[in-house]
Amino acid sequence: MDPRRLDRGEVVAIIGGILLGVSLLLAWYSLGNQFTTLGRCHGMAHRSVACSGWRSLELVLRIIVILAAVAPLILAWIIARGHALSWPRGELTAVVALAALTLVIFVGLIDKPGFPNSEISVNYGWGLALVGGLMILVGSVWRSQESAGRRKPPGVL
């Protein structure tokens with residue numbers, strides 16, 4: 001195992017994975033009033049309540065986010081061990097990162113979980129998850145471009 005085989009793309013993706021994983025423990029949503037419910041979080045009468053990603057997301061969504069956070073670590077382990085792959089390194093991690101980013105954007109901007117939606121706003125943990133997902137995507141795409149075979153222009157043998 002040689003960690004010197006890791007490149008900037010893997011380091012960026014690993015940092016993004018750590019940020020994505022840590023973001024689950026931070027506040028993803030703020031609940032506006034006592035009638036607001038979100039997963040296992042309930043609002044309070046005279047103050048805003050913060051709800052972590054772990055407490056607010058459904059089990060399936062939590063598992064997807066955890067798997068996306070672990071994917072760059074698995075890629076780094078494969079590269080450091082020198083395993084041969086049949087596809088460019090980083091491609092699968094990029095697909096996983098794209099799925100996680102889609103999920104984070106969906107539950108943050110398009111369809112927030114909980115009721116009523118008008119009293120639920122995103123918090124800094126959601127923003128950190130977005131940054132972490134972007135870092136995983138950028139790092140893994142960077143790596144897949146470096147390890148992919150070079151293509152020739154049309155008409156060249």
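Observations on the structure shown:
- Footprinting exposure proxy ranking of 4, 47, 89, 55, fewest other C-beta atoms within 10 angstrom first, gives 4, 47, 55, 89.
- DSSP H segments from the chain that extend 24 Å or more along their own axis, Cα-based, with Kyte-Doolittle mean of -1.0 or above: 59-81, 124-147
- The slack in the chain from residue 84 to residue 121, taken as 0.36 nm per residue of separation less the alpha-carbon distance, amounts to 8.8 nm.
- Take the Kirkwood radius over Cα pairs of the range 3-145, plug it into Stokes-Einstein at 25 °C and 0.890 mPa s, and you get 157 µm²/s for translational diffusion.
Where a number appears in this text, it was derived from the coordinates with a stated rule and is not lab data. Fair warning: this is a prediction, and the values are worked out from it, not measured in the lab. Note: ideal-geometry Cβ built from the backbone for every residue, glycine included; neighbour counts use all protein chains shown.
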